[in-house]
Amino acid sequence: MDIPSKYDPRKAENHWYDYWMQNNYFFSTPDEREPYTIVIPPPNVTGVLHMGHMLNNTLQDVLIRRARLMGKNACWVPGMDHASIATEAKVVAKLKAEGIEKSDLTRDEFLKHAWDWTNEYGGVILEQLKKLGCSCDWNRTKFTMDEDMYQSVIKVFVDLFNKGLIYRGHRMVNWDPEALTTLSDEEVIYEERQGLLYYLSYPIEGSEETVTIATTRPETILGDTAICINPNDERYSHLKGKKVVVPICNRVIPIIEDEYVDIEFGTGCLKITPAHDINDKALGEKHGLETIDIFNANATLNSFGLHYEGKDRFVVRKEISKELEENGFLVKKENYVNKVGTSERTKAVIEPRLSDQWFLKMEDLVKPALKAVLETDEVKFFPKKFENTYRHWMENIRDWNISRQLWWGQQIPAYYYGDGQDDFVVAETREEALQLAQDKSGNRSLALEDLKQDEDALDTWFSSWLWPISVFNGILEPDNKEVNYYYPTSDLVTGPDIIFFWVARMIISGYEYRDERPFKNVYFTGLVRDKQRRKMSKSLGNSPDALKLIENYGADGVRVGLLLSSAAGNDLMFDEDLCQQGKNFANKIWNGFRLLKSWEVADIAQPVSSHIGIEWYKAKFNQTLAEIEDHFSKYRISDALMAIYKLVWDDYSSWLLEIIKPDYQKPIDTATFDAVIELFEDNLKLLHPFMPFLTEEVWQHIAERTPEEALVVAKWPSSVKVNQNLIHEFEFASEVVSGVRNIRKEKNIPNKEELQLSVLNEGSISPKWDVVIQKLTNVSEVTYVENAVDGSLSFRVKNNEYFIPISGAIDVEAEVKKIQEELKYTRGFLKSVQKKLENERFVNNAPEQVIANERKKQADAEAKIETLEKSLASLG
């Protein structure tokens with residue numbers, strides 16, 4: 001088979017992905033094998049591939065491909081999340097561009113537009129993942145709005161409601177005025193922002209006196225219904241029982257007393273606006289205050305905003321502060337930094353808002369999930385440090401607001417049949433709801449058309465939390481063959497930023513609906529950042545085009561580039577040069593293979609050096625395999641790749657191929673060639689999870705293969721006992737080779753010029769490796785001597801000293817001068833190290849490792865001085 005002179009990533013990627021798909025290598029169905037299951041963190045249906053996806057899915061693919069090679073029934077379930085807020089925003093924007101307002105459409109009309117948009121634009125990311133090489137079982141692709149997934153969510157809602165865990169309550173919620181929906185506490189991101197603290201004076205009713213309060217939101221005074229003082233604050237004892245007049249709106253409100261007020265903060269007087277602050281709401285309920293909501297849903301002011309009606313809250317803030325100042329109510333303004341809640345999706349500033357919403361009680365649900373991670377280790381976190389984050393959130397959990405004021409999503413299955421607060425039922429179907437409504441109301445004349453379903457949709461995460469169960473239809477059919485085989489899944493790979501949104505909630509639902517963990521291990525990736533440690537984002541323009549990177553460096557090059565710098569749980573400082581490094585690695589493997597296949601093979605005797613080299617590499621391979629297995633067990637995926645990288649680049653390419661390379665225009669013996677091909681194939685097996693395309697391409701060029709013999713389904717190498725002696729012997733021999741090569745380089749001795757090497761074998765090193773040393777250094781013979789060889793250049797490897805007689809090409813006088821200068825420098829260096837070690841303060845206070853490093857420097861310098869002195873003596 002002809003081997004192209006250059007590796008063409010694009011051609012190989014298209015060819016082999018099609019080949020894998022045609023042969024159903026990614027397909028999984030329950031059988032007698034051990035399952036290995038991963039469910040993809042479903043990307044938003046609106047999403048396109050970015051660097052975070054690239055990292056996360058490369059890691060998943062590495063794990064799934066390795067499991068497949070290990071003979072497990074590897075099942076990677078792909079899918080997408082319907083992303084209520086993001087998708088609805090996209091559809092609303094599209095409709096607006098066409099001159100259509102959402103408010104002009106019925107729910108069904110809007111959903112038709114949403115499905116049209118989803119079918120046209122959604123799912124792009126899954127096709128992009130194929131470009132990366134992701135080996136998902138695409139036949140299993142799920143979408144959280146698929147009929148069975150939808151019904152699973154509805155069934156769970158009804159079940160939790162019937163268990164008394166879901167309730168409807170009038171609560172203060174996080175309101176996103178841009179998306180026009182509530183958000184859970186976890187979807188609110190708090191940012192420090194520079195603002196102003198406004199000091200406002202309120203006239204005391206029937207008096208010339210005023211009281212001053214401090215607020216960051218002067219626009220909300222229009223919703224004030226009390227001023228609160230601390231009963232222990234003597235400054236305001238004379239105000240007890242009095243009333244104040246709210247500036248501008250002239251509403252008369254009481255002065256109330258409560259120890260909640262911090263005497264030290266601001267002026268010690270607090271304006272109470274129950275409709276727009278959660279703490280004010282609590283005080284309002286305690287003291288029976290009126291609640292006045294001054295905002296519309298989009299955060300413009302309503303009729304309670306008087307002449308500011310229809311204006312945005314931030315516009316009003318500026319205008320009302322000016323009006324307050326003009327009318328003498330603004331005492332002063334101060335710069336003030338405070339934490340502002342923003343929407344995780346739209347970035348809009350969150351507005352606290354009173355609303356009827358649906359909540360899920362979490363207090364009891366979290367208990368098994370807490371125990372699984374923090375006590376029994378049923379679910380293991382890698383890195384373990386994220387257990388503390390998990391503990392903090394779970395132990396301080398609040399009820400989950402699960403309703404959203406959106407149409408795109410699973411519609412809440414609550415049906416209203418009257419005007420009373422409790423005139424509703426919850427059921428999986430309208431027909432069941434009718435029966436329940438008739439029973440509850442006692443009104444048998446109620447008909448289907450009398451029922452009005454709740455307009456709200458469920459939080460997107462309320463579908464995602466069921467993902468590991470629902471993708472195997474484990475909610476609708478809890479005892480089906482698939483869920484019993486694949487669940488619990490094996491590994492979850494995700495980012496720590498959704499540990500609350502998704503990871504914790506999946507563990508909760510796993511124990512609630514399967515009485516079992518949803519996965520055994522959670523591997524948290526870091527965030528992908530740029531070289532300046534900034535988070536990658538469109539606004540900063542620092543996020544490279546993922547597909548462009550694949551085009552420039554090949555999918556394997558990008559995968560390697562990402563993983564080389566991606567330690568578990570630590571942020572990745574992405575540098576495009578790493579992708580170039582990955583591409584260079586691919587070319588190195590390709591060129592090494594071409595070199596191997598370019599040699600003529602003959603049935604001749606195997607050189608001793610080749611036999612020794614092959615035996616050494618087998619030992620080195622098995623040592624590295626053991627390291628790789630250990631790295632995988634600890635989810636140090638980048639360390640596993642680095643171990644393989646060094647094995648292939650250094651040990652295989654730089655050492656083994658040089659050891660077994662035949663002389664110019666001479667053939668290689670069959671035994672050596674076959675052995676090296678076998679070792680090379682083992683290298684490809686280790687590399688395949690990381691570089692699937694290149695390795696399959698090379699594998700198929702080595703020999704004609706049937707589909708059953710493809711690399712994607714080959715057998716992962718088995719661990720055998722490592723011959724440590726061979727490894728230690730090689731390490732010593734390699735230092736000798738480096739010593740000879742250094743002398744050649746320093747003295748400009750051509751490689752083709754044969755040298756002689758004499759050894760003062762004080763370390764009693766076996767001469768077995770001499771044939772390898774001779775071949776790699778072009779040494780004609782290795783002679784063992786009893787004394788130092790005069791007129792020679794020398795170097796030391798541990799206890800042994802090596803001598804190379806100088807040829808006429810070397811200027812002895814210049815060499816002596818050079819050694820004297822090096823000797824002078826080394827003596828000076830030794831003196832500085834000794835001085836440091838003689839300093840008692842340094843020795844007593846420095847870390848043990850630092851002291852050890854300094855002592856090693858001392859020993860190395862002393863050994864080098866001894867060698868240089870002998871070299872000087874031998875040169876006369």
*Post the alpha-carbon centroid distance, the range 713-778 to the range 179-256, in whole angstrom.*
82 Å
*Sum up the charges of everything whose Cβ sits under 15 Å from the Cβ of residue 790, counting Lys and Arg as +1 and Asp and Glu as -1, but leave residue 790 out.*
-3
*For P(r) over Cα pairs in 20 Å bins from 0, in percent, the choices are (1) 15, 44, 30, 10, 1, 0; (2) 12, 32, 29, 18, 9, 1, 0; (3) 12, 33, 30, 18, 6, 1; which was calculated from the structure?*
(2)
*asked:* Whole-Hz ³J(HN,Hα) for each residue in the range 515-525, computed from phi via Karplus 6.51 cos²θ - 1.76 cosθ + 1.60 with θ = phi - 60°, x for glycine and proline: what do you get?
replied: 6, 7, 4, x, 7, 8, 9, 10, 9, 8, 7
*asked:* Taking θ = phi - 60°, what integer Hz values does the Karplus form 6.51 cos²θ - 1.76 cosθ + 1.60 yield along the range 91-108, in sequence order, with x for Gly and Pro?
replied: 5, 4, 5, 5, 5, 4, 5, 8, x, 10, 9, 4, 5, 8, 10, 7, 4, 4
*Per the 1.4 Å probe, what fraction of the accessible area of the chain, in percent, lies on carbon and sulfur atoms?*
47 percent
*Please report, to one decimal in angstroms, the Kirkwood hydrodynamic radius of the range 36-162 built from all distinct Cα-Cα pairs.*
16.5 Å
*Tell me, what is the FRET efficiency for residue 15 and residue 334 to the nearest 0.05, using R0 = 60 angstrom and their Cβ-Cβ distance as r?*
0.35
*Expressed as a whole number of Å, what is the distance separating the alpha-carbon centroids of the range 295-365 and the range 655-700?*
68 Å
*Report the full-extension gain for the segment residue 3 to residue 297: residue separation times 0.36 nm, less the Cα-Cα distance, to one decimal in nm.*
99.2 nm
*By average C-beta atoms within 10 angstrom, highest first, the peptides 635-646, 500-511, 350-361*: 500-511, 635-646, 350-361
*Take peptides 39-50, 248-259 and line them up by average Cβ neighbours within 10 Å, highest first, as a rough protection proxy.*
39-50, 248-259
*Which value at 222 nm does the chain reach when only helices count, each DSSP H run of 4 or more adding -39,500 (n - 2.57), with the total divided by all residues and rounded to the nearest 500 deg cm²/dmol?*
-13500 deg cm²/dmol
*Rounded to the nearest whole Å², what accessible area per residue is found for the chain with the 1.4 Å probe?*
46 Å²
*If you plug each phi of the range 658-674 into the Karplus form 6.51 cos²θ - 1.76 cosθ + 1.60 with θ = phi - 60°, what whole-Hz ³J(HN,Hα) values come out, in order, with x for Gly and Pro?*
6, 5, 9, 4, x, 4, 3, 6, 10, x, 9, 6, 4, 4, 5, 4, 4
*Does anyone have the angle between helix 576-598 and the longest principal axis of the chain? Alpha-carbon axes, 0 to 90°, nearest 10?*
40 degrees
*In a shell of Cβ-Cβ distance under 15 Å around residue 295, excluding residue 295 itself, what net charge do Lys and Arg (+1) and Asp and Glu (-1) give?*
-4
*Could you list which residues have their amide H under 5 Å from that of residue 573, counting only those 5 or more apart in sequence or on another chain, with H placed in the peptide plane?*
529
*asked:* What is the ratio of the Cα radius of gyration of the range 461-615 to 2.2 N^0.38 Å, with N the residue count, to two decimals?
replied: 1.57
*At 10 °C and 1.306 mPa s, what whole-number value in µm²/s does Stokes-Einstein give for the translational diffusion of the range 68-143, with Rh from the Kirkwood sum over Cα pairs?*
108 µm²/s
*Return the long-range amide H neighbours of residue 83 (sequence gap of 5 or more, or a different chain), with a cut-off of under 5 Å between placed amide H atoms.*
45
*What is the packing order of peptides 264-276, 427-439, taking the mean over residues of other C-beta atoms within 10 Å and listing the highest first?*
264-276, 427-439
*Using 7 Å Cα-to-Cβ label points, what is the residue 282/residue 170 separation (nm, one decimal)?*
2.0 nm
*For residue 181, which sequence-distant residues (separation of 5 or more, or a different chain) have an amide H within less than 5 Å of its own amide H, given hydrogens modelled in the peptide plane?*
176
*Say each of residue 515 and residue 477 gets a label point 7 Å from the Cα, pointing the same way as Cα to Cβ; how far apart are those two points in nm?*
2.2 nm
_As an exercise, identify the trypsin sites (Lys or Arg not before Pro) in the range 1-85 lying in DSSP coil whose Cβ has no more than 10 other Cβ atoms within 10 Å._
6
*When DSSP assigns beta bridges and you keep just the ones with both residues in the chain, what percent turn out antiparallel, to the nearest 5?*
70 percent
*Report the calculated FRET efficiency for residue 746 and residue 674 (r = Cβ-Cβ distance, R0 = 45 Å), to the nearest 0.05.*
0.70
*Report, in whole Å, the centroid distance computed from the Cα atoms of the range 563-641 and the range 851-866.*
33 Å
*Pick out, in residue order, every one of the trypsin sites (Lys or Arg not before Pro) in the range 129-224 that is DSSP loop and has at most 13 other C-beta atoms within 10 Å; say none if there are none.*
163
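The values are calculated or read from the model by the stated rules, or taken from the named source; none is laboratory data. Note that the structure is a prediction, hence the values are computed from the model and not measured. Cβ atoms come from the backbone with ideal geometry, glycine included; neighbour counts cover every protein chain shown. Heavy atoms of the whole protein, side chains included, go into the accessibility calculation; ligands, DNA and RNA do not. Shrake-Rupley method; radii C 1.70, N 1.55, O 1.52, S 1.80 Å.
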